[in-house]
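The values are calculated or read from the model by the stated rules, or taken from the named source; none is laboratory data. This one's a predicted model, so the numbers in the text were calculated from it and none came from an experiment. Reconstructed Cβ throughout: ideal geometry from the backbone, glycine too, with neighbour counts over all protein chains shown. SASA here: full protein model, heavy atoms, side chains in, ligands and nucleic acids out. Shrake-Rupley method; radii C 1.70, N 1.55, O 1.52, S 1.80 Å.
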Amino acid sequence: MSTTTAGTDLNEKQRRILGYLREHAATKTYFKSRLIAGELGMTAKEVGANMTAIRTGDFDVDVEKWGYSSGTTWKVDLQGS
């Protein structure tokens, strides 16, 4: 399992977000930035800014920007599920 994106290690916030998604994607598909932020002690803006590294990296989750009403929603799928 890779923890790099374009040859650069993920920072602490990105690792925390990735861990959160891995933990919850088995039972949930859509995630709001503000709800992830609330769980991880971040702001929704921090989640959105750090999600790009996860979206573009080679990880066991597929992340797609899905919706914008009432904040950004992310569609997350575990690879191989």
Checklist outcome for this item: Between residue 66 and residues 5 or more places away or on another chain, the pairs with built amide H atoms under 5 Å apart involve 73, 74, 75
Checklist outcome for this item: Checked against the positive end of the charge dipole of the chain (+1 on Cβ of Lys and Arg, -1 on Cβ of Asp and Glu, about the Cα centre), the farthest of 11, 59, 41 is 41
Item to check | Charged-residue dipole, Cβ positions (Lys, Arg, Asp, Glu), the chain about Cα centre, Debye nearest 20 | outcome: 320
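Expressed as a whole percentage, what fraction of the accessible surface of the chain belongs to carbon and sulfur atoms when a 1.4 Å probe is rolled over the protein heavy atoms?
48
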Next on the checklist: Based on Cα coordinates alone, diagonalise the gyration tensor for the chain, multiply each eigenvalue by 5, take square roots, and list the semi-axes in whole Å, largest first.
Outcome noted: 18, 15, 11
Next on the checklist: Accessible area per residue for the chain in Å², computed with a 1.4 Å probe and the full protein assembly in place, what is it?
Outcome noted: 59
